[in-house]
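**Student:** Sharing a structure with you now.
The values are calculated or read from the model by the stated rules, or taken from the named source; none is laboratory data. As the structure is a prediction and not an experimental result, all values here were calculated from the model. All Cβ positions, even for glycine, are placed from backbone atoms using ideal geometry, and neighbour counts span all protein chains on display.
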């Protein structure tokens, strides 16, 4: 670790990300897509009433902050006590094994075992955290615009090419600025890549070279951006692997079609209200599948904490069936807790579009390709996603050709594998 990198890690968040220094203090680094930060604060306020010796501090940050700055802190052996993250496997060496600090390890294994391997080192049986929700990527259509244009929303077997042709017709009819947009994310484009036959994983378990499936989707995506079918600003407005959602464009009626995921349901319902009708559409089809990308956000304990016992108490509380159920019902998230799923949930929303959207994503999950199901627990997924988003953006911005981008994707991935494997 160089002095410069150590200094950067120390200063990255200022006071927000200092390692816990006080007994009884637990810091949670948290990002939100919708209302989940408010729900978490309410839950933690109640926890602290019952546990006055533990002071829980929630540092609400952007998703980009978690993606870009937390890894620097972790490499320096610092950071929060608990963090909500999506890059689970690749950073798993930094997570605390909670097994000695939770009241009932078998409860955790029984209820969160299905995704436990997503967030721990290969070959380990550690309990490092739990998924705050299970996610699946997919699309949303502005139903009001379709209705006004007199055009039917495509069905579940419609292809990406058909969708882009139809949303262009709707946008022209209704004078909408852009027919479609996709979040700036390597994860987001991966379901479509896999739908065209992409396989990121080589026979040795290491990243495979960019294949024809990736090229089939990425070349289409670049062309749609060049034609203004996709809003190019979403992908060229940032650099590197920086994440940008296109949710606000959809919420403001600037898009006919938005490709994101089920975590946006609460956000869309809250902000759109009765401005227009919207529906979840699943994922369009490629030549090989009609697949979205599964995943989710995990709440993990960081092994550099100075108060592991208090962290264990907080995690036990948040992982309890009653709290998981309430959190999921209020945030409109699909939980990872087996017992809560079996019990059933009553999602707290008066918006009829919410339950329809949730049901739509559950139905779409049946079409998830096996190659997509493997990736959440694959160590190199984040490396592959990063190369995809950074180099595809450069093509859209006119800085690289497609062939140059494919070569650099392979080079980026190989360099990262070599760096980590040293």
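**Student:** All but one of (1) crowded, with 21+ Cβ neighbours inside 10 Å; (2) in a helix (DSSP H, G or I) hold for residue 336; state the number of the condition that does not hold.
**Tutor:** (2)
**Student:** Looking at region 42-59, is at least one residue loosely packed, with under 15 Cβ neighbours inside 10 Å, within 24 Å of residue 262 (Cα to Cα) and at pLDDT 90 or above?
**Tutor:** Taking every residue of region 42-59 in turn, at least one turns out to be loosely packed, with under 15 Cβ neighbours inside 10 Å, within 24 Å of residue 262 (Cα to Cα) and at pLDDT 90 or above.
**Student:** Could you tell me which residue of region 171-192 is surrounded by the most Cβ atoms within 10 Å (Cβ to Cβ), considering only residues that are within 25 Å of the chain's Cα centre (by Cα) and in a loop (DSSP other than H, G, I, E, B)? Lay out the reasoning, then the answer.
**Tutor:** Restricting attention to region 171-192, the residues satisfying the condition of being within 25 Å of the chain's Cα centre (by Cα) are 178-192.
Within this subset, residues satisfying the condition of being in a loop (DSSP other than H, G, I, E, B) are 183, 185.
Details: 183: 21, 185: 26.
Only one residue tops the list, namely 185.
**Student:** Within the bounds of region 193-212, is there any residue that is without any contact (Cβ under 8 Å) to a residue 12 or more places away in the chain, in a helix (DSSP H, G or I) and over 21 Å from the mean Cα position of the chain (by Cα)?
**Tutor:** The answer is no; no qualifying residue exists.
**Student:** Regarding residue 80, is this residue touching a helix residue (DSSP H, G or I) at 6+ places or on another chain (Cβ under 7 Å) and not in a helix (DSSP H, G or I)?
**Tutor:** Answer is yes for this residue.
**Student:** Can I ask one more? Can you find even one residue in region 181-191 that is without any contact (Cβ under 8 Å) to a residue 60 or more places away in the chain and assigned by TED's automatic domain parsing to the domain that holds residue 290?
**Tutor:** Taking region 181-191 first, the residues without any contact (Cβ under 8 Å) to a residue 60 or more places away in the chain are none.
The answer is no, given that none of the residues of region 181-191 is without any contact (Cβ under 8 Å) to a residue 60 or more places away in the chain and assigned by TED's automatic domain parsing to the domain that holds residue 290.
**Student:** Is there a residue being part of a loop (DSSP other than H, G, I, E, B) and at negative phi anywhere in region 36-49? Show your work before the answer.
**Tutor:** Step one: of region 36-49, the residues part of a loop (DSSP other than H, G, I, E, B) are none.
There is no residue in region 36-49 that is part of a loop (DSSP other than H, G, I, E, B) and at negative phi.
**Student:** Given the structure, is residue 364 touching a strand residue (DSSP E or B) at 6+ places or on another chain (Cβ under 8 Å), modelled with pLDDT of 95 or more, part of a helix (DSSP H, G or I) and buried (at least 21 other Cβ atoms within 10 Å of the Cβ)?
**Tutor:** Numbers: touching a strand residue (DSSP E or B) at 6+ places or on another chain (Cβ under 8 Å): yes; modelled with pLDDT of 95 or more: no; part of a helix (DSSP H, G or I): yes; buried (at least 21 other Cβ atoms within 10 Å of the Cβ): yes.
Answer is no for this residue.
**Student:** Quick test for you: out of 228, 213, pick the one residue that is surrounded by fewer than 24 Cβ atoms within 10 Å (Cβ to Cβ), under 20 Å from residue 404 (Cβ atoms) and at pLDDT 95 or above.
**Tutor:** 213 is the lone residue from the list that is surrounded by fewer than 24 Cβ atoms within 10 Å (Cβ to Cβ), under 20 Å from residue 404 (Cβ atoms) and at pLDDT 95 or above.
**Student:** In the set 148, 168, which member is in contact (Cβ under 8 Å) with a residue 12 or more places away in the chain, out of contact with any strand residue (DSSP E or B) (no Cβ under 7 Å at 6 or more places or on another chain) and either part of a strand (DSSP E or B) or in the same structural domain as residue 250 (by TED's automatic domain parsing) (or both)?
**Tutor:** Exactly one residue qualifies, and that residue is 148.
**Student:** Does residue 82 satisfy the criteria of being more than 25 Å from the chain's Cα centre (by Cα), outside the structural domain of residue 246 (by TED's automatic domain parsing) and surrounded by 20 or more Cβ atoms within 10 Å (Cβ to Cβ)?
**Tutor:** On the way: more than 25 Å from the chain's Cα centre (by Cα): no; outside the structural domain of residue 246 (by TED's automatic domain parsing): yes; surrounded by 20 or more Cβ atoms within 10 Å (Cβ to Cβ): yes.
When the stated conditions are applied, residue 82 does not pass them.
A quick yes/no check of all residues on (1) more than 18 Å from the chain's Cα centre (by Cα); (2) closer than 24 Å to residue 161 by Cα; (3) modelled with pLDDT under 95; (4) surrounded by 18 or more Cβ atoms within 10 Å (Cβ to Cβ):
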site: 241; (1), (2), (3), (4): no, no, yes, yes
site: 256; (1), (2), (3), (4): yes, yes, no, yes
site: 261; (1), (2), (3), (4): no, yes, no, yes
site: 270; (1), (2), (3), (4): yes, no, yes, no
site: 284; (1), (2), (3), (4): yes, yes, no, yes
site: 291; (1), (2), (3), (4): no, yes, no, yes
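So that you can scan it fast, the table gives a plain yes or no per residue for (1) outside any helix (DSSP H, G or I); (2) surrounded by 14 or more Cβ atoms within 10 Å (Cβ to Cβ); (3) without any contact (Cβ under 8 Å) to a residue 24 or more places away in the chain; (4) on the phi > 0 side of the Ramachandran plot:
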| residue | (1), (2), (3), (4) |
| --- | --- |
| 313 | no, yes, no, no |
| 318 | no, yes, no, no |
| 322 | no, no, yes, no |
| 327 | no, yes, no, no |
| 342 | no, no, yes, no |
| 345 | yes, yes, yes, no |
| 360 | no, yes, no, no |
| 373 | no, yes, no, no |
| 376 | no, yes, no, no |
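**Student:** Considering only residues that are surrounded by fewer than 19 Cβ atoms within 10 Å (Cβ to Cβ) and touching a helix residue (DSSP H, G or I) at 6+ places or on another chain (Cβ under 7 Å), look in region 60-77 and name the one that is nearest to residue 382 (Cα to Cα).
**Tutor:** Among those residues, the one meeting the criterion is 75.
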